[in-house]
1. 7 Å from Cα along Cα→Cβ at both Thr15 and Phe3: what's the point-to-point distance in nm?
2. Using 7 Å Cα-to-Cβ label points, what is the Phe37/Phe49 separation (nm, one decimal)?
Amino acid sequence: MSFWTWFAIAIVLITSVSVATSQKKASQKHAAFLIVFVTAAIFFLIWWFTK
């Protein structure tokens with residue numbers, strides 16, 4: 001994978017972690033949604049930069 005793929009993945013992960021830690025009392029639904037969103041975003045970015 002190229003530099004830009006890893007850069008995009010890092011941006012998604014850093015943003016997701018910062019949003020998750022900024023909420024003091026996140027429910028399990030929010031945590032599950034965040035995990036699914038991050039996974040989908042990473043797969044989308046891998047597909048986008050490798051096509």
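1. For Thr15 paired with Phe3, the spin-label model returns 2.1 nm.
2. Going by the 7 Å Cα→Cβ label model, 2.1 nm.
Here, each number is a calculation from the coordinates, and none is a lab measurement. Because the structure is predicted, anything quoted here is derived from the model rather than measured. For neighbour counting, all protein chains shown are included, and Cβ atoms are generated from backbone atoms with ideal geometry for every residue, glycine included.
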